[in-house]
Structure formats: C-alpha cells, structure tokens
Amino acid sequence: MSAPVHGTKTRREGLVLGSVRGTPIILANSWFLIAGVTVLIFGPQLKSAFPGLGAGSYAVAFAYALLLLFSVLIHELAHAVAAKMYGWPTHKIVLNLWGGHTEFDFSKATPGKALVVAFAGPIANFVLAGLGWLVQLALPSAADGPVSLSLAVVMLLANIFIWANLLIGFFNVLPGLPLDGGRLVESIVWKSTGSQEKGTIAAGWAGRIIVVVIIAVALGGPYLTGSRPDLTTSFIVILLAGFLWAGASGAIKGAGIRLRLPEVSAGTLASPAVSASSLCSVAQLWTLRGEYPNEPIVLFGADGRPAAVVDEYALAHVPPEAAASTPATAVSRALSQGAYVPDVAAGAELVQYLAQLPDSEYAVINLDGKVTGLLSQAKVVAAITGKTLP
C-alpha cells in the first residue's frame, strides 16, 4: 500500500533494515507478531503433512513468513520506485503487521500518476508470482517419481510463494482505500470533479463497502452451507476488517479536513474585539465596556502588539472604589509573545501560525496592525474537523 507522508520518526517504529536511494526500510515491531502467528498456525500443519520434518516444520513455517515479507518488500519498493520516477520525495518504507506502506510526498500528484504509483505494487506481485511459476516448472514433479523430503519442501514453498503473491496482488487491486485499488476510484472521481479530496472520500467509502462484503462473505458465507466459520478465520477476518475500516475512515476524515481547510480563515472565525492599552485602568476598561458591551477586550503593550485579554469575571468584580487605581493588566490573562494572527490568514497558513503557539486564544489583527477580533483554538479545530462546538 502507498500513503501520503505523515512523519519520519523511523527508529521508534522498528528495526531499520537499510535504505534504497536514501529511503529507509523499516521492519516494524508488529511484523514479529504476524511472523509468530504464522509459525504457530502453519508449523503444526506442516509437521502433520511432513512427519519427517519434526521440529524443522516450524523453521519451514518461518521461511513462509520470510517469503511473505520479501513479497511485501518488493511490493513497497515498486511503489517507491514509481514515486521517485515522478520526482516525488519518498520518506520511508515500513513493513508491518498488515503488510506494509510507503510514505511519500503526494502534493505533486495527478490522477494518472497516482494510479501508476498505486498499481506498481500489485503488478510487482504478479511478476513475482510469474517468476515463482517458472521456478516451479523447473522443479521435478511428483509425476516423475518419488521426491526427497527437502525437494518436497522446496516445491511447497514455491507453490506458497506463487499463491501468496497472487493473493497480495489481487487483494490490493480491490477498488477501495486503503488498498491500492482505491486509487482507481479516487483518480476517476478526481479527474471528473477536479478535486482529489472528493476522490479520496469516494474511495474511502468504497473501502468501507469492501469491508462489509469481506465480513459478509467470510463470516456469513459458511452459514449458507450449513457450517460455521472456524475461530482462526474469524479472528483474522475481524482483525483485517478493523484495519481496513480504520484506514478507509482515516482517508475520509483526512480528505474532509483538506476540503474544509481553504474555507477556514482567521477573519471569518474570530469574534469581533476591541483593544485598549495595557497602561489603562479598570475604570477606563469599564468605560470601554459600556461602549462595546459584548466584544472581548484585547490589551496591547508599549510596542503596540497584543499582549493580554481582559478576563470578564475579574473585570466585573473589581470594587468601584479601586477601579481607578487598578491597572488593566490585573484583570487580564497574558498572551504568549506573538499570539496574534493576520485576519487574512487562512487554510494551511493559519494552521501553521497556530501550531507554533501554545495558547488557546489569539488576537486577530488587520493589515494596519489594529486588533479586530479574538480567535479561539477550539473554533478553528471545530471548523477544520466539521464538528459543532458545545
């Protein structure tokens, strides 16, 4: 599978196996779990089918896990090579519990290029399956006479290698995210609407439909024939369905945020505000509050920049006899240095501004540096995520 870049903290994810043209290849810690499960499931089966192997059956099962790992690695390398062919920076290849993913910069993508990069992975698996078939043809067959135990094991692994790559290839071309085939749905909608985000949302919903179909067929199908799905199959299907559903949902959520982001601006989200000098008194603030009963008051410092926000509760509870002698800073909460944004800041630029500041509220200024509003972090998050503030 391929994915847009989200980060590059490679060492915490697992074992760094090496790199290809500067792209690190990471074996995630979760892979060892799936390798262990593979050995525990297939080891006893091999021991039963080939009694002569004894404890070596578990080594053969581990060899099966390594063949799967190799197949996934080639799949992901194909993504990376295709991405680099178009000049897209590739940040890392991660081999994990569910196969793997390649992270690269998707910002320069077009529908056609995205499709090529996505399908490079499954095509690589079909090529591997073909090579495995050629190897199988070169091996002696059982029809030629009795075969040794070691040759039988080689023939078994070759057969497993072929079917594993066919399964990986066909499974990944299913038309729904997070599978590679989801890029086909995404590209079609993207091309027809001009919006990659709308394509991603459509592909994410297609991925959810695939999850429902997989569960219905794998778990509901046996009941139609009068049997029941076995525990191992049910466990694997549920885990796989959860992984796919989470990936599809993440794609839908991320695309929704990117769709809303350009419409999010400091000027439209901010509450109108008035400003006053930090040197004024509470009595002067009361006068200003009389003129502007509803607007928050932002205090500016000697340099003319926003420095604090008046606390309405504290302002209202200053004794009248102390109002003239109480400074405005005594009834305000300080803003961090630079906790203000231009009213024209929007989209990614606005998010970048706020990400650099620890505050939960920010003064909004116009091009002349005058305070025009007060912006809360919660309102920005709600606008980006599409949630309604309580």
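Given the criterion touching a Leu at 6+ places or on another chain (Cβ under 7 Å) and not polar (S, T, N, Q), identify the matching residue among G112, G204. None of the other options fit; the residue is G204.
Where residues in segment 85-128 are out of contact with any strand residue (DSSP E or B) (no Cβ under 6 Å at 6 or more places or on another chain) and among the basic types (K, R), which of them is least open to solvent (accessible area, probe 1.4 Å)? Filtering first and then ranking leaves K113.
Looking only at residues that are part of a strand (DSSP E or B) and among the small types (G, A, S) in segment 286-336, which one is nearest to D359 (Cα to Cα)?
Of the residues in segment 286-336, the ones part of a strand (DSSP E or B) are 297-300, 306-310, 327, 332-334.
With the extra rule that they be among the small types (G, A, S), the set shrinks to 307-308, 332, 334.
On the way: A307: 12, A308: 11, S332: 14, A334: 10 Å.
Step by step, filter segment 286-336, then rank; the result is A334.
Of all the residues in segment 38-49, those that are open to solvent by 50 Å² or more (accessible area, probe 1.4 Å) and either among the hydroxyl-bearing types (S, T, Y) or under 14 Å from V153 (Cα atoms) (or both) number 5.
Is it the case that A248 is assigned to a helix (DSSP H, G or I), among the aliphatic types (A, V, I, L, M), within 20 Å of G99 (Cβ to Cβ) and touching a residue at least 40 places away in the same chain (Cβ under 8 Å)? So A248 fits the description; yes.
Using the structure shown, decide if L367 is within 30 Å of I252 (Cβ to Cβ), part of a loop (DSSP other than H, G, I, E, B) and among the aliphatic types (A, V, I, L, M). Break it down into steps so the answer makes sense when it comes.
On the way: within 30 Å of I252 (Cβ to Cβ): no; part of a loop (DSSP other than H, G, I, E, B): yes; among the aliphatic types (A, V, I, L, M): yes.
So L367 does not fit the description; no.
Name the single residue that is modelled with the highest pLDDT among those in segment 102-111 being touching a helix residue (DSSP H, G or I) at 6+ places or on another chain (Cβ under 7 Å) and in a strand (DSSP E or B). The extreme case among them is T102.
Can you confirm whether segment 304-311 contains a residue that is open to solvent by 30 Å² or more (accessible area, probe 1.4 Å), within 45 Å of the chain's Cα centre (by Cα), over 30 Å from S187 (Cα atoms) and touching a residue at least 40 places away in the same chain (Cβ under 8 Å)? Please lay out each step first, then the result.
Taking segment 304-311 as the starting set, the residues that turn out to be open to solvent by 30 Å² or more (accessible area, probe 1.4 Å) are 304-305, 307, 311.
With the extra rule that they be within 45 Å of the chain's Cα centre (by Cα), the set shrinks to 304-305, 307, 311.
Right, trim to over 30 Å from S187 (Cα atoms) and you get 304-305, 307, 311.
When the remaining residues are screened for being touching a residue at least 40 places away in the same chain (Cβ under 8 Å), the result is 304-305.
Within segment 304-311, one or more residues are open to solvent by 30 Å² or more (accessible area, probe 1.4 Å), within 45 Å of the chain's Cα centre (by Cα), over 30 Å from S187 (Cα atoms) and touching a residue at least 40 places away in the same chain (Cβ under 8 Å).
Total residues in segment 158-194 satisfying the condition of being over 19 Å from the mean Cα position of the chain (by Cα) and either of a type in the set (K, R) or within 16 Å of G254 (Cβ to Cβ) (or both): the figure is 3.
Return the total of residues in segment 71-108 being farther than 18 Å from G18 by Cα and among the polar types (S, T, N, Q).
As a first pass, look at segment 71-108 and keep what is farther than 18 Å from G18 by Cα: 82-83, 85-88, 97-98, 105-108.
Of the ones still in play, those that are also among the polar types (S, T, N, Q) are 107.
Total meeting the criteria: 1.
Of all residues in segment 47-69, exactly one satisfies the criterion of being without any contact (Cβ under 8 Å) to a residue 12 or more places away in the chain, more than 42 Å from the chain's Cα centre (by Cα) and outside any helix (DSSP H, G or I), namely G54.
Taking the conditions (1) of a type in the set (G, A, S); (2) touching a residue at least 12 places away in the same chain (Cβ under 8 Å); (3) in a helix (DSSP H, G or I) in turn, G176 satisfies each one other than (3).
The values are calculated or read from the model by the stated rules, or taken from the named source; none is laboratory data. Note that the structure is predicted; figures quoted are calculated from it, not measured. Positions of Cβ are backbone-derived with ideal geometry, glycine not excepted, and every protein chain shown enters the neighbour counts. Please note that ligands, DNA and RNA were not included when accessible areas were found on the heavy atoms of the full protein model with its side chains. Shrake-Rupley method; radii C 1.70, N 1.55, O 1.52, S 1.80 Å.
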